[in-house]
Structure formats: C-alpha cells, structure tokens
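These notes are about the structure you will find just below.
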C-alpha cells in the first residue's frame with residue numbers, strides 16, 4: 001500500500017510540474033507573439049536621400065524619418081529595411097513588409113491600402129552644360145542613364161530611339177554623365193540633386209533640368225500584412241503627419 005501511495009503522489013507531482021511547464025510555454029509564446037506584433041516592418045528604397053546607410057550602418061534618410069515618426073504615433077517599434085526598388089513590390093505582396101512608399105498605380109493598389117499621400121516627386125532629366133536636353137524628342141539618338149528597375153515615363157521607356165544605360169545608383173549615373181559616357185540621367189529631382197551635392201557638384205554644374213513629370217507617391221499598407229487590422233489607426237496617424245507638414249519638411253531637410 002505504501003508503495004502504491006508513493007507512486008500516486010509522484011504521479012500527481014509530475015502532472016503538476018508538467019502543467020506548469022505547459023502554462024509557462026504558452027505564456028512565453030504569447031509574449032513573443034505580442035512583441036512581434038508591435039513591430040512595423042517598413043520597406044525603404046535604397047536610394048538617397050530617401051533611404052541609405054548611416055555611419056554606423058543603420059538605415060537613415062527621409063523615408064526612415066517618416067517611418068519612425070509614424071511608429072511613435074501608434075506606439076510601435078519600427079524596423080526599416082533598405083531594399084532595391086525592384087524588391088519592394090514582392091515584399092509588400094508577400095506581407096514581408098508592412099509599409100512602403102510607392103508610386104500610386106493600379107499595381108500598387110492591388111497589393112496595398114493607401115494610407116496617406118507623401119510629397120509628389122518631380123522626375124527630371126539632367127545633362128551637361130552645353131548639351132542641354134530641351135525636350136523628350138531631343139533624347140532620340142542619345143543615351144540616358146536610368147536606375148535599374150525604374151520606369152519613370154513610358155514616353156522614354158517605350159521609345160527605342162532613346163538608348164538606355166541601366167545604373168545601380170544615382171551616384172553611378174551622375175559619374176557617367178560627368179565623364180561623358182552618357183548624355184543625360186533621369187531620376188527624382190530630390191534624389192539627383194542630393195547625390196550631386198554629396199559629390200561636390202552644384203546645380204550650376206548641369207544644364208537647366210528638363211521636368212518630365214510629377215509622380216504621386218503614397219504610403220501603402222500591405223494587404224497581406226499582419227498589421228492590416230490596424231489600418232484605420234495607421235491611416236489616421238499618417239494623415240496627421242501630412243497635415244502637420246512633417247513629411248514635406250522631412251523630405252526637404254535633405255536637399256538644400
């Protein structure tokens with residue numbers, strides 16, 4: 001009888017211990033899940049001044065500043081992810097990125113919810129003094145440097161008479177331009193002039209720019225994001241930043 005009682009007590013103790021372990025495991029998983037849910041993964045184009053690496057290797061830039069400000073508004077941590085332009089749509093499609101600034105289009109609307117308009121981006125063409133490009137027709141027979149994966153304007157992209165030289169960065173394109181290896185470089189006004197300033201070039205180093213178009217950029221929330229349930233909260237916070245002029249001032253702070 002004593003042996004039976006001893007075995008019974010041991011079994012009860014073992015069951016209690018097992019139950020404690022199970023409860024602690026569930027609580028630990030719940031805590032991990034809660035912590036994960038409080039992080040906004042933001043896809044940022046790896047192109048100055050929107051996104052770039054700081055001296056310590058951490059992402060910085062105008063788009064990063066906006067993402068951090070948005071995170072503070074909704075009391076969530078932010079994880080900026082510097083990505084090539086071509087990687088952002090797939091990341092948003094798969095829900096691997098929660099937020100991203102993208103040019104408004106049917107393709108972008110198919111994978112994300114519009115939260116708030118960001119600053120419109122003027123697309124310009126820069127050329128050397130003495131070789132000014134005064135019209136798109138003036139590009140025919142010439143070579144223009146264009147960022148890999150970017151389609152700034154169908155009148156250029158679809159014109160076979162305009163030769164395109166793919167580049168990995170605006171810095172790359174401006175170096176080719178100044179070396180005379182291309183006739184012009186196309187890109188967002190802010191990006192090109194920011195990179196030119198970093199290279200020690202002033203606006204006087206170029207011919208007057210040819211303005212091609214103005215692209216409407218929106219902050220999008222991925223439809224596949226686990227944070228989609230916070231859409232209304234994120235939308236209100238993003239629109240408040242726009243109304244206060246924060247997004248505009250953040251963008252302009254990088255271009256003098």
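Given the conditions (1) touching a helix residue (DSSP H, G or I) at 6+ places or on another chain (Cβ under 7 Å); (2) at pLDDT below 95; (3) closer than 24 Å to residue 83 by Cβ, and given that residue 203 satisfies all but one, which numbered condition is not satisfied?
Result: residue 203 passes all but (3).
Determine which single condition residue 134 fails, assuming it passes every other condition in (1) surrounded by 15 or more Cβ atoms within 10 Å (Cβ to Cβ); (2) modelled with pLDDT of 90 or more; (3) in contact with a strand residue (DSSP E or B) (Cβ under 7 Å, 6 or more places away or on another chain).
(1)
Yes/no matrix, rows are residues, columns are (1) exposed (fewer than 14 other Cβ atoms within 10 Å of the Cβ); (2) on the phi < 0 side of the Ramachandran plot; (3) more than 17 Å from the chain's Cα centre (by Cα):
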| site | (1), (2), (3) |
| --- | --- |
| 209 | no, yes, yes |
| 218 | no, yes, no |
| 233 | no, yes, yes |
| 245 | yes, no, yes |
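Sort out for me the strands (runs of 3 or more DSSP E) sitting completely within the range 65-157 that have 3 or more residues that are over 17 Å from residue 214 (Cα atoms) and outside the structural domain of residue 175 (by TED's automatic domain parsing).
Counting at least 3 such residues, we get 77-83, 112-117.
So residue 26 fits all but one of (1) more than 30 Å from residue 191 (Cβ to Cβ); (2) modelled with pLDDT of 95 or more; (3) surrounded by 10 or more Cβ atoms within 10 Å (Cβ to Cβ); what number is the exception?
Failed condition: (2).
Can you pull out every residue in the range 61-84 that is surrounded by 15 or more Cβ atoms within 10 Å (Cβ to Cβ) and over 17 Å from residue 221 (Cβ atoms)?
Once the filter is applied, which keeps residues that are surrounded by 15 or more Cβ atoms within 10 Å (Cβ to Cβ) and over 17 Å from residue 221 (Cβ atoms), the range 61-84 yields 61, 62, 64, 65, 82.
Would you call residue 100 surrounded by 23 or more Cβ atoms within 10 Å (Cβ to Cβ) and either out of contact with any strand residue (DSSP E or B) (no Cβ under 9 Å at 6 or more places or on another chain) or over 30 Å from residue 180 (Cβ atoms) (or both)?
yes
Given the structure, is residue 179 touching a helix residue (DSSP H, G or I) at 6+ places or on another chain (Cβ under 9 Å) and at pLDDT 95 or above?
When the stated conditions are applied, residue 179 does not pass them.
Against the conditions (1) free of Cβ contacts under 8 Å to residues at least 40 places away in the same chain; (2) more than 30 Å from residue 78 (Cα to Cα), where does residue 236 fall short? Just the number, please.
(2)
Taking residue 156, is it over 17 Å from the mean Cα position of the chain (by Cα) and farther than 20 Å from residue 178 by Cβ?
yes
Just one of the numbered conditions (1) surrounded by 15 or more Cβ atoms within 10 Å (Cβ to Cβ); (2) more than 15 Å from the chain's Cα centre (by Cα); (3) within 29 Å of residue 183 (Cβ to Cβ) is not true of residue 105; which one?
Here residue 105 clears every test but (1).
The values are calculated or read from the model by the stated rules, or taken from the named source; none is laboratory data. Computed from a prediction, not measured in an experiment: that's the story for all the values here. Neighbour counts are summed over all protein chains in view; Cβ atoms, including those assigned to glycine, are modelled from backbone coordinates with ideal geometry.
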